[in-house]
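Only one structure is covered here, and it is reproduced in the block below.
Derivation of every value follows stated rules applied to the coordinates shown; laboratory data play no part. Since this is a predicted model, take the numbers as computed values, not measurements. No Cβ is skipped: glycine too gets one built from the backbone with ideal geometry, and neighbour counts run over all protein chains shown.
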Amino acid sequence: MPRAKVVFIGAGSAVWSSTIVVDFILTPSLYGSEIVFVDINEERLNLIYDFARRYAREYKADYVFRKTTDRREALENADFVINAALAKGHSYYEVMRQISEANGYYRGINSVEWNMVSDYHTIWGYYQFKLALDIARDVEEKAPDAWLLLIANPVFELTTLLSRMTKVKVVGLCHGHLGYLDLVKTLGLDPHEVEVETLGFNHVIWLTKFKYRGEDAYPLIDEWVERKSEDFWRFWRENQWNPFDIQMSPAAIDMYRVYGLFPIGDTVRGGTWKYHWNLETKQYWYGPSGGPDSEIGRQVYYMYLDMRLNEIKKALANPSRPLADTVEPVKSSESIVPLIDSIVNDRRATYQVNILNKDSIPGIPSDVAVEMPAIVDSKGVHRMSFRELPKKIYNLVLRPRLLRAEWAIEAFLEGGRDFLFEWLIIDPRTKSTEQVNKVIDETLRIPGNEEMAEHFK
């Protein structure tokens, strides 16, 4: 029997998957496990399968790798299921974004307050919601004791949906909370002597505890803002090349000033329309690229994915060159493999997870997924208790974000055109009823959207 059976759905995303493969290779305590790659794109599937087998050989890592396009067959008796799948791929959503912008909705009808992230698809994510729920129901049938590790966006909506609609043990995972390390680096602190806590919803988390050497470190942020931020931003604007380099951006500091706690990771990408009216506005708050979700930043991201994919292809085509020359043999900061290791080998540790609240954070409904630290060991994921978030953040940030999440979930479950219409009629970009109906009609007429059109009929 393998030490653990891990099924990786959506493994054809080779750039992301190669990172997870290397984490497995560098985790000897999981050697003897079986990893099954699943994807509907056979070319991409073969690529990650070949990469994993060769990397394992180079490092003499004892894993059994399999590949298949048959998801249900793969899930039989799985211990862990990683869902990284994006239904229809990036290009599909870019088509809907183009239609939205042609009708006056900059960056798409899906972009709303506190959800300006380009690949966090909610109201137009019908196929993504359906795929995630289908996978969860397959897990419920084929591997009822398995852990479903959800890394496919939108983590907030999908963790909530799947936890409500199935009996599967769902844990949403995201690396956005690691943005605190950029804060620590900028302040010149030793990360080993920092204690942090971040709470909220996925992509909407706040630094609720920040200590350095046992003392409150928030005054260090205030000092940096007062004395060093302007010089930092001047250099940053002249040298920014990575659109994701926004943790210490003017937007982050402005959110801190307005809401009273420091925003961490992808939270900075959200906010209200104050930061997102147009490209010029985005560039003011997020630098020359306009951040990762502008028309510039998104294309830079796609170019990076293509570049890394081509590098992996070239490396595999050259059997004399070690794959480590292309993908470094260094563990990432992703929590997926360590969390699996904690459960399989009873390595008790604390992880940032997305799970149903169940009264862990006061004021938030129990059946809503929250992002928070939790203790993980062989017995599972153990919630902790936290203090209530400040009223200003709860009322002005979390409640509006939760409203949109519940709206998107209900739209998926119930269907009907009214959900789309009401979503848009309150949008500040909307100028008329005709504009709303036109963008809905054109979106639902996209080839391949026939099922979605019927759902929202």
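Taking amide H as placed 1.01 Å from N in the peptide plane, ARG66 has its amide H under 5 Å from the amide H of ILE35, VAL36, PHE37, each at least 5 places away in sequence or on another chain. Looking at the chain alone, DSSP beta bridges between its own residues are antiparallel in about 55 percent of cases. Spread over its residues, the convex hull of the C-alpha atoms of segment 178-293 is 99 Å³ per residue. In segment 182-221, Rg over Rh equals 0.98, where Rg is the alpha-carbon radius of gyration and Rh the Kirkwood radius from pairwise Cα distances. May I ask for the distance between the Cα centers of segment 367-406 and segment 285-356, given as a whole number of Å? For segment 367-406 versus segment 285-356, the Cα centre distance is 25 Å. With helices as the sole contributors, the chain gives -13500 deg cm²/dmol at 222 nm; each DSSP H run of n ≥ 4 counts as -39500 (n - 2.57), and the sum is divided by every residue. Remark on THR198: its backbone amide H falls under 5 Å from those of THR208, a criterion applied only to residues 5 or more positions apart or on other chains, H modelled at 1.01 Å from N.
Summary value for segment 178-293: 28 percent relative contact order, contacts being C-alpha pairs under 8 angstrom separated by 6+ residues. Computed from phi, the 3J(HN,Hα) profile of segment 354-368 under the Karplus parametrisation 6.51, -1.76, 1.60 (θ = phi - 60°) reads 10, 9, 4, 4, 6, 6, 5, 10, x, x, 9, x, 5, 9, 10 Hz, with x in place of Gly and Pro.
Backbone phi angles across segment 304-312, fed through the Karplus curve with coefficients 6.51, -1.76 and 1.60 (θ = phi - 60°), yield HN-Hα couplings of 5, 4, 5, 4, 5, 5, 5, 4, 5 Hz in residue order; Gly and Pro are listed as x. A simple rule links phi to the HN-Hα coupling: the Karplus curve 6.51 cos²θ - 1.76 cosθ + 1.60 with θ = phi - 60°, which for segment 20-32 gives 5, 4, 4, 4, 5, 4, 8, 10, x, 5, 9, 4, x Hz, with x for Gly and Pro. Bridgeable aspartates and glutamates around LYS274 (alpha carbons under 13 Å apart, same-chain partners fewer than 8 residues away excluded): GLU113, ASP254. Across the chain, C-alpha contacts under 8 Å between residues 6 or more apart give a mean separation that, scaled by the residue count, equals a relative contact order of 17 percent. Structure note, pairs LYS169/LYS209; LYS167/LYS392; LYS358/LYS431; LYS282/LYS313; LYS211/LYS331; LYS88/LYS185: Cα-Cα distances above 31 angstrom occur for LYS167/LYS392; LYS358/LYS431; LYS282/LYS313; LYS88/LYS185. Taking max minus min of the alpha-carbon positions on each principal axis, segment 333-443 gives extents of 58, 32, 27 Å, largest first.
What does the charge count near CYS174 come to, summing +1 for each Lys or Arg and -1 for each Asp or Glu among other residues with Cβ under 9 Å from its Cβ?
Values: positive: none; negative: ASP266, GLU371.
After counting each charged neighbour, the total is -2.
Neighbour counts of other Cβ atoms within 10 Å put LEU398, LEU158 in the fewest-to-most order LEU398, LEU158.
Could you tell me the convex hull volume per residue, in Å³, taken over the Cα atoms of the chain? All intermediate terms of the calculation are to be shown ahead of the outcome.
Details: hull volume 67.1 nm³, N = 457.
Taking the convex hull of the Cα positions in the chain, it is 147 Å³ per residue.
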